[in-house]
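Accompanying notes for the structure given below.
The values are calculated or read from the model by the stated rules, or taken from the named source; none is laboratory data. Keep in mind that what you see is a predicted model, and the values were worked out from it rather than measured. FYI the Cβ positions are ideal-geometry reconstructions off the backbone, even for glycines, and counts take in every protein chain you see. Remember, those area values only see protein heavy atoms, side chains included, never the ligands or the DNA or RNA. Shrake-Rupley method; radii C 1.70, N 1.55, O 1.52, S 1.80 Å.
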Number of protein chains: 4
Amino acid sequence: MTPALIIVDMIKDNVETEKHMGISQETKYILPNMICFINYFRKKGFPIVYANDSFLKNDFIFRGKMKEHAIRGTSGTQVIDIIFPKLDDIIINKLRFSAFYKTDLDQILRRLGVDTVFVVGISTMWCVFLTATDALSNDFYTIIVEDLAACHKKEAHDKFIELYKNFPLFPLFRFLTSQESMDMISKGKNAYTPG
Amino acid sequence: MTPALIIVDMIKDNVETEKHMGISQETKYILPNMICFINYFRKKGFPIVYANDSFLKNDFIFRGKMKEHAIRGTSGTQVIDIIFPKLDDIIINKLRFSAFYKTDLDQILRRLGVDTVFVVGISTMWCVFLTATDALSNDFYTIIVEDLAACHKKEAHDKFIELYKNFPLFPLFRFLTSQESMDMISKGKNAYTPG
Amino acid sequence: MTPALIIVDMIKDNVETEKHMGISQETKYILPNMICFINYFRKKGFPIVYANDSFLKNDFIFRGKMKEHAIRGTSGTQVIDIIFPKLDDIIINKLRFSAFYKTDLDQILRRLGVDTVFVVGISTMWCVFLTATDALSNDFYTIIVEDLAACHKKEAHDKFIELYKNFPLFPLFRFLTSQESMDMISKGKNAYTPG
Amino acid sequence: MTPALIIVDMIKDNVETEKHMGISQETKYILPNMICFINYFRKKGFPIVYANDSFLKNDFIFRGKMKEHAIRGTSGTQVIDIIFPKLDDIIINKLRFSAFYKTDLDQILRRLGVDTVFVVGISTMWCVFLTATDALSNDFYTIIVEDLAACHKKEAHDKFIELYKNFPLFPLFRFLTSQESMDMISKGKNAYTPG
């Protein structure tokens with residue numbers, strides 16, 4: 001198994017302000033474990049991807065109730081300091097929810113020999129889930145790390161996982177805790193290995 | 001407003017067999033209203049898209065628990081007879097969940113001047129939702145018609161809608177009943193028009 | 001080496017009418033060798049792809065001097081009888097020049113384990129070349145089979161090959177005759193093998 | 001008409017070194033007029049896009065004769081100083097030849113209301129041409145500015161233009177000098193306007 005980690009939308013505008021769905025409080029709860037999980041990937045030398053919202057001025061998606069935030073080229077699109085990328089990490093500026101939407105991430109991951117993708121970050125129900133389903137669509141075994149993803153409310157996060165947990169796409173697409181994820185990686189077993 | 005209707009995965013293997021998630025029973029409940037809704041679009045002369053699962057032999061997504069079904073080139077990928085496409089309808093054979101994944105549907109819809117997309121079919125939580133979020137990503141106002149979409153269980157369908165109903169992307173992305181949808185279309189008001 | 005053959009735009013409107021650049025005469029000269037080459041692939045059991053123009057009514061590309069032709073859903077988009085596809089061949093209806101433009105061909109080829117792509121058909125300078133460069137962009141070793149591709153004029157075809165023959169992308173991207181191609185395949189050596 | 005300018009691959013590794021096809025000498029001949037052309041766009045307030053090679057370490061395209069250059073994250077991928085981007089310019093880091101390949105440039109241009117694209121830079125026969133044909137595929141009127149594009153040899157550049165000049169896609173796809181381009185823009189006439 002060659003895993004990659006995709007960290008979704010852990011950027012200043014989302015985490016340090018309330019512009020994005022009032023999600024900042026919930027995000028803080030997942031940060032300590034996320035730091036450890038990133039470190040684990042870093043020590044193992046596996047690829048780490050930061051996929052960051054990077055919207056346009058007057059972007060279509062701001063025509064609804066969502067406040068303007070994470071505008072391309074502004075400091076609000078930078079990853080928060082505490083998990084700031086290192087030189088060799090992969091930065092994806094994404095126009096929409098999924099890290100794969102109109103980006104070259106699929107080809108980068110294949111070039112690195114990646115077969116399994118772990119997705120963490122915010123929000124569980126939108127950008128994390130849509131990045132995960134696009135990873136699956138691109139033929140990567142896909143895991144949403146459930147204690148490293150957050151919604152605007154813990155209750156919504158839990159309901160989401162409850163709803164999507166038992167599906168025929170298992171185990172190509174699955175939820176694991178960060179501990180279970182590290183166990184699976186250390187065993188070198190791919191996501192689809194039964195048992 | 002120029003609306004288009006996207007009918008997701010109402011194909012023989014999914015509706016007339018139990019190969020796809022045991023969804024056939026729930027699908028039958030939404031069919032009568034769906035037939036009326038399609039007729040409404042047809043009478044108005046608005047574009048109708050059939051987006052059909054079209055998987056590969058030995059496809060990646062069959063490496064999990066999901067049984068092989070809807071294989072490209074087989075009769076199981078054909079739309080069920082009762083809502084069979086007409087000559088001018090648009091047929092999209094989709095490799096994955098979303099009708100926009102590696103297809104030219106976005107460009108076809110733009111060429112037709114479409115600005116608003118109504119999504120119906122199965123299953124609510126996967127192909128309907130992922131088609132809808134890709135429509136939104138492509139800058140179309142997007143409506144999931146809630147009484148014309150189904151899951152393997154009515155309960156899961158209801159929980160899904162409850163979970164996603166009140167989000168900042170409203171009203172760019174929203175749920176409406178088929179009656180509310182026809183009302184909106186007949187008023188000629190776009191999805192984002194407040195009030 | 002696992003090769004695939006992509007046959008570009010050998011459809012009725014292009015070959016049997018003069019709607020498409022007056023290319024029908026030149027196309028006939030390449031047909032006999034193309035038939036043999038297709039047979040070679042068929043006997044070996046390698047994948048064969050037919051990539052066919054499939055334009056929209058009132059399509060953007062007809063706003064210039066080009067006459068309307070190869071409209072999606074019409075019989076003019078069908079492959080000419082003499083090289084008509086078999087059941088297991090792959091059919092790609094392409095909206096634009098390249099067989100990879102908004103299609104799932106890249107993923108289909110990867111699923112089949114293809115690493116090397118041979119491109120034949122019409123016209124050398126547009127759809128054949130742009131399919132070949134997209135194959136290369138998608139990390140396939142790419143060969144344009146020079147005696148199986150044609151332009152509106154033989155002179156233009158020759159000048160094109162002269163112009164593009166010696167480039168730093170060699171041998172990832174190269175020109176070979178059909179005989180040289182079959183020799184390479186039978187040796188099982190990949191396009192990049194020096195000597 | 002709302003035009004945009006796409007400046008292709010005018011980066012340090014390509015222009016200031018001989019790593020990329022030995023093209024640096026020819027590039028210098030087109031620079032003075034290119035500077036004026038960029039200034040013209042800047043004064044008018046039209047969008048300016050810098051599309052820059054951004055290859056991967058051990059990238060597929062370096063398996064042939066082409067030397068490793070323009071590696072993502074290195075200073076060699078930066079635009080040369082004399083035409084360095086301003087704050088509001090659009091930067092596209094492209095994995096392959098075309099500025100549209102696995103990027104969000106099409107959607108950015110549409111959001112800005114762009115209908116006509118002028119392409120300049122290097123090299124005429126590869127990245128300039130393939131960016132231009134992808135612009136055309138995405139339904140933009142497309143002009144290659146012939147005195148602002150260069151090949152490894154002037155002779156090849158001239159032969160290329162000679163070969164592609166008179167094609168049925170005219171005038172959706174065409175060649176103009178920088179002077180003719182500015183004339184067309186100042187008249188506000190779109191590329192397809194006859195006369």
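So which of A:91, A:108 is surrounded by fewer than 22 Cβ atoms within 10 Å (Cβ to Cβ), within 17 Å of the chain's Cα centre (by Cα), in a helix (DSSP H, G or I) and more than 13 Å from chain B (Cβ to nearest Cβ)?
Unique residue meeting the criteria: A:108.
Looking at this structure, is residue B:159 in contact (Cβ under 8 Å) with a residue 12 or more places away in the chain and over 12 Å from the mean Cα position of the chain (by Cα)?
no
Does the stretch D:80-87 contain any residue that is over 23 Å from residue D:44 (Cα atoms) and out of contact with any Gly (no Cβ under 8 Å at 6 or more places or on another chain)?
Within the stretch D:80-87, the first condition is being over 23 Å from residue D:44 (Cα atoms), and the residues that meet it are none.
No, the stretch D:80-87 has no match at all.
Hey, residue C:134 hits all of (1) buried (at least 23 other Cβ atoms within 10 Å of the Cβ); (2) in contact (Cβ under 8 Å) with a residue 40 or more places away in the chain; (3) of a type in the set (D, E, K, R); (4) out of contact with any Asp or Glu (no Cβ under 7 Å at 6 or more places or on another chain) but one; which does it fall short on?
Answer for residue C:134: the failing condition is (2).
Taking residue A:61 and the conditions (1) assigned to a loop (DSSP other than H, G, I, E, B); (2) open to solvent by less than 20 Å² (accessible area, probe 1.4 Å); (3) more than 23 Å from residue D:71 (Cα to Cα), which numbered condition does it fall short on, given that it satisfies the others?
The single condition residue A:61 does not satisfy is (1).
Restricting attention to the stretch C:37-53, which residues are on the phi < 0 side of the Ramachandran plot and over 15 Å from the mean Cα position of the chain (by Cα)?
C:39, C:40, C:42, C:43, C:44, C:46
Being buried (at least 21 other Cβ atoms within 10 Å of the Cβ), in a helix (DSSP H, G or I) and within 15 Å of the chain's Cα centre (by Cα), is that true of even one residue in the stretch B:2-14? Even if it seems obvious, please write down each step before you answer.
Taking the stretch B:2-14 and keeping what is buried (at least 21 other Cβ atoms within 10 Å of the Cβ), we get B:3-11, B:13-14.
If we keep only those that are in a helix (DSSP H, G or I) too, we end up with B:13-14.
This time we only want the ones that are within 15 Å of the chain's Cα centre (by Cα), so: B:14.
Yes - at least one qualifying residue is present in the stretch B:2-14.
Residues being under 16 Å from residue A:128 (Cβ atoms) and touching a strand residue (DSSP E or B) at 6+ places or on another chain (Cβ under 7 Å): count how many of those fall in the stretch A:1-18.
Number of matching residues: 9.
Give me the residue from the stretch A:38-68 that is more than 12 Å from chain B (Cβ to nearest Cβ) and of a type in the set (Phe, Trp, Tyr) and, out of that set, nearest to residue A:100 (Cα to Cα).
The selected residue is A:50.
Mind telling me which of the residues C:122, C:71, C:82, C:35 ends up being away from chain D (no Cβ under 11 Å) and open to solvent by less than 10 Å² (accessible area, probe 1.4 Å)?
C:122
Return only the number of the condition from (1) within 12 Å of chain A (Cβ to nearest Cβ); (2) more than 16 Å from the chain's Cα centre (by Cα); (3) open to solvent by less than 30 Å² (accessible area, probe 1.4 Å) that residue D:76 does not satisfy.
The single condition residue D:76 does not satisfy is (1).
Which members of the stretch D:127-163 meet the condition of being closer than 23 Å to residue C:53 by Cα, in a helix (DSSP H, G or I) and not aliphatic (A, V, I, L, M)?
Answer for the stretch D:127-163, where residues must be closer than 23 Å to residue C:53 by Cα, in a helix (DSSP H, G or I) and not aliphatic (A, V, I, L, M): D:129, D:131, D:133, D:134, D:137.
If I filter the stretch C:28-50 for residues that are part of a helix (DSSP H, G or I), without any contact (Cβ under 8 Å) to a residue 60 or more places away in the chain and of a type in the set (Val, Ile, Thr), do I get at least one hit?
Scanning the stretch C:28-50, I find at least one residue that is part of a helix (DSSP H, G or I), without any contact (Cβ under 8 Å) to a residue 60 or more places away in the chain and of a type in the set (Val, Ile, Thr), so the answer is yes.
So, in the stretch A:94-105, how many residues would count as being over 17 Å from residue B:168 (Cβ atoms), within 10 Å of chain B (Cβ to nearest Cβ) and touching a Leu at 6+ places or on another chain (Cβ under 7 Å)?
3
Does residue D:180 satisfy the criteria of being assigned to a helix (DSSP H, G or I), open to solvent by 30 Å² or more (accessible area, probe 1.4 Å) and under 21 Å from residue D:42 (Cβ atoms)?
Considered against the rule, which asks whether it is assigned to a helix (DSSP H, G or I), open to solvent by 30 Å² or more (accessible area, probe 1.4 Å) and under 21 Å from residue D:42 (Cβ atoms), residue D:180 comes out as yes.
Considering the stretch C:137-174 alone, what residues qualify as being surrounded by 18 or more Cβ atoms within 10 Å (Cβ to Cβ), within 14 Å of chain D (Cβ to nearest Cβ) and touching an Asp or Glu at 6+ places or on another chain (Cβ under 7 Å)?
Those that are surrounded by 18 or more Cβ atoms within 10 Å (Cβ to Cβ), within 14 Å of chain D (Cβ to nearest Cβ) and touching an Asp or Glu at 6+ places or on another chain (Cβ under 7 Å): C:138, C:140, C:141, C:151, C:152.
Does residue C:127 qualify as being touching a residue at least 12 places away in the same chain (Cβ under 8 Å) and in contact with a strand residue (DSSP E or B) (Cβ under 8 Å, 6 or more places away or on another chain)?
The answer is yes for residue C:127.
Regarding residue C:23, is this residue modelled with pLDDT of 95 or more and closer than 25 Å to residue C:68 by Cα?
In short, no.
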